[in-house]
Amino acid sequence: MVHDAITASRDRSAASPTLSPAQLERLRALGQERTARVGEVLYRVGDRAYPFIAILAGEVAIVDMAGREFLRSGPSGFLGELNLLTGQTVFVTAVVTQSLHYVAVERATMHAALFDDGPLSELVLSAFIARREMLQQLDGIGPEIVGPHASDETMQILAFARSNRIPHTWTDSQPPRGRAPLVRLPGGMELECPSAGQLARALGIGRELSLREEVDLVVVGAGPAGLGAAVYGASEGLDTMVVESTALGGQAGASRRIENYLGFPGGITGSELTSRAVMQARKFEARTATPYRAVSLKTASREHVIQLEEGHEIAARAVLIATGAEYQRLPVDRLSDYEGSSVFYAAGPPEARECPGERVAVVGGGNSAGQAAVWLAREGALVTLLHRRDDLRETMSDYLVRELGRSGVEIRDRSEIAELHGDGGKVGAVTLKSGERLPFSFLFLFLGARPCAQWLGGAVRTDEDGFVLTGAAAGAEDLLGTSVTGIFAAGDVRSGSTKRCATAVGEGAMAVQFVHEHLARLERV
Ligand SMILES: Cc1cc2nc3c(=O)[nH]c(=O)nc-3n(C[C@H](O)[C@H](O)[C@H](O)COP(=O)(O)OP(=O)(O)OC[C@H]3O[C@@H](n4cnc5c(N)ncnc54)[C@H](O)[C@@H]3O)c2cc1C
């Protein structure tokens, strides 16, 4: 039922494009032609590896663990999802429904083909991204997370799943045994109260690091700045490693639609931009390690050492700090009771799935609040935007304010939340500082950001708000150099940054140039 409603209401063509005759010919040359009978399973939930499958004749249904069908592919169609590129666990089963003649292309060969062939890459990647979005909106796909909202560990695992765009189902109750959360993986394995790292490894996300790694450049943080540096660093021959504590893509990955990124006149979703950037980083063989949190930085004249939470260390001749900034929380009691269940910091498909017909407050006056409000309204929520200034135009772009009007979003000026009301982990209403009480089932908070620079422990100089100083302000020769030679900073974590994707990417790329110059200087002494 849920599956029908969703697949009927979405633009399924994005998830089911067809290959041109020339593309099918190319794939034929790369893979093996095979046949399969009706009822045969090509891959199933819990598998790790499967080939890219292009259909020459016949038909295949994609079903969930309970056997419910939600997608069908026929001649010139192809199977696969983002996990074909990443090696993550398979979340669905592919069953032949009409006698099948197909080409199977092994994963490594397909990777190479996607890197070489722009139009094929565009077609396949767009479909994989659309399919992942579809999976995220369906119930009963991916790991089942069982744990109450009052359990911090449960909320942490949920946040990890959301930010990594892992389709999942959450059962808000105590698990039948052991410590919450219990995570049932596709394929049947169960994990009791896993760390994000344990869950990631179990799902095949990210590589495992050796206890000590040595590289030319370590980039800490894989948002647009970190990924930008990874792509430029690796493509220019630097041995580059990126460590990321949560999810590749950073804040940008959480954005519903980025309208102002050069080259995308129709806008691009954060998850698409991230998937494309990650693929590009892989193409140039930049190494990404996630989830690994940097906890300290030891500086020295020729080599700096980053210590990671789980005891690993990375020695590098140059370091790029690209750890971005973190969302501000609302200064109200019991906020944590509701975070993750009815208070969110991003408006992605899993959150929006719960909101149609519900009263929703988006809190904040910036463009990210405006984008989220428009998107949630389009998804069927009854949206009110609360912000504290006299006029929204002081902080939000004009085009977005107009878009809010067109989308039926109610705007309330001078409205700050003083108290949350609710029960069973669900918000029911809020009281404003004015004393007015408003009913809302969900809150989306977009209140600005704090720098993620505490892990540096004062190793480099920061401004009074904790943002990392660079260039002349840090006494550095290079624009992005910090107060310590060989350590650079880029993106939102940098004092005076403009907090935009494009500038973060640009700074990441620019930092690589400074790293080259620094390494050349080291060679000379
Ligand atoms: C909802 C939303 C919508 C937005 N919309 C737009 C838009 O339309 N246009 C636009 O230009 N900008 C937009 N932005 C802003 C843009 O996303 C940011 O400016 C950009 O992401 C900054 O990139 P960054 O790489 O510096 O930092 P981030 O994207 O914050 O990435 C930093 C990364 O570092 C990781 N990290 C932090 N600490 C550690 C640690 N100790 N160890 C390892 N990793 C760590 C974090 O997990 C994160 O992944 C939006 C932001 C949000 C939140």
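Just a few scattered comments:
- Residue count, segment 101-153 (criterion: touching a Leu at 6+ places or on another chain (Cβ under 8 Å) and over 28 Å from ASP337 (Cβ atoms)): 20
- When GLU436, GLU477 are screened for being more than 30 Å from ARG353 (Cβ to Cβ), exposed (fewer than 15 other Cβ atoms within 10 Å of the Cβ) and out of contact with any helix residue (DSSP H, G or I) (no Cβ under 8 Å at 6 or more places or on another chain), only GLU477 passes.
- Residue within segment 182-203 that is within 15 Å of the ligand (Cβ to nearest atom), in contact with a strand residue (DSSP E or B) (Cβ under 9 Å, 6 or more places away or on another chain), outside the structural domain of GLN88 (by TED's automatic domain parsing) and part of a strand (DSSP E or B) present: no
- Candidates ALA322, ALA361, ALA352 - the one that is modelled with pLDDT of 95 or more and more than 11 Å from the ligand (Cβ to nearest atom): ALA361
- Among the residues of segment 211-258, just one is over 19 Å from GLU309 (Cα atoms), of a type in the set (Val, Ile, Thr) and out of contact with any Gly (no Cβ under 7 Å at 6 or more places or on another chain), namely VAL231.
- Test: residue in segment 242-264 that is surrounded by 24 or more Cβ atoms within 10 Å (Cβ to Cβ) and more than 13 Å from the ligand (Cβ to nearest atom): no
- Of the strands (runs of 3 or more DSSP E) lying entirely inside segment 40-134, the ones with 3 or more residues being at pLDDT 90 or above and either polar (S, T, N, Q) or within 25 Å of the chain's Cα centre (by Cα) (or both) are found at 52-63, 93-105.
- Only one of VAL146, VAL105, VAL124 that is crowded, with 20+ Cβ neighbours inside 10 Å, more than 28 Å from LEU27 (Cβ to Cβ) and of a type outside the set (Phe, Trp, Tyr): VAL146
- The residues in segment 364-408 that are free of Cβ contacts under 8 Å to residues at least 24 places away in the same chain, out of contact with any Asp or Glu (no Cβ under 9 Å at 6 or more places or on another chain) and away from the ligand (no atom under 15 Å from the Cβ) can be counted, and the count is 4.
- Segment 339-349, residues that are over 18 Å from the mean Cα position of the chain (by Cα) and modelled with pLDDT of 85 or more: SER342, VAL343
- Restricted to segment 272-293, and to residues there that are assigned to a loop (DSSP other than H, G, I, E, B), within 13 Å of the ligand (Cβ to nearest atom) and within 20 Å of ASP239 (Cβ to Cβ), the residue that is nearest to the chain's Cα centre (by Cα) is THR290.
- Residue-level check: of (1) under 14 Å from PHE128 (Cα atoms); (2) among the hydrophobic types (A, V, I, L, M, F, W, C); (3) part of a helix (DSSP H, G or I); (4) modelled with pLDDT of 95 or more, ALA22 misses just (1).
- Annotation note: of SER301, SER296, the sole residue that is within 13 Å of the ligand (Cβ to nearest atom) and among the small types (Gly, Ala, Ser) is SER296.
- The number of residues in segment 294-307 that are buried (at least 20 other Cβ atoms within 10 Å of the Cβ) and in contact with a Ser or Thr (Cβ under 9 Å, 6 or more places away or on another chain) comes to 2.
- Among the residues of segment 218-240, the one identified as within 16 Å of ALA325 (Cβ to Cβ) and of a type in the set (Val, Ile, Thr) is VAL220.
- As a summary of the residue check, MET510 satisfies the conditions (1) without any contact (Cβ under 8 Å) to a residue 24 or more places away in the chain; (2) part of a helix (DSSP H, G or I); (3) in contact with a helix residue (DSSP H, G or I) (Cβ under 9 Å, 6 or more places away or on another chain); (4) away from the ligand (no atom under 11 Å from the Cβ) except for the one numbered (1).
- Flag if VAL219 is β-branched (Val, Ile, Thr), within 7 Å of the ligand (Cβ to nearest atom) and under 16 Å from VAL493 (Cα atoms): no
- Checklist (1) of a type outside the set (Asp, Glu); (2) free of Cβ contacts under 8 Å to residues at least 40 places away in the same chain; (3) outside the structural domain of ALA347 (by TED's automatic domain parsing) applied to GLY457, failing item: (2)
- Near pairs, Cβ below 6 angstrom, 6+ apart or cross-chain, from segment 330-353 (under 16 Å from THR154 (Cβ atoms)) to any residue that is in a strand (DSSP E or B): TYR338/VAL427; SER342/LYS426; SER342/VAL427; SER342/PHE442; VAL343/LEU443; PHE344/PHE444
The values are calculated or read from the model by the stated rules, or taken from the named source; none is laboratory data. No experiment lies behind these values; they were computed from the predicted model shown. Neighbour counts run over all protein chains shown; Cβ positions are idealised from the backbone, glycine included.
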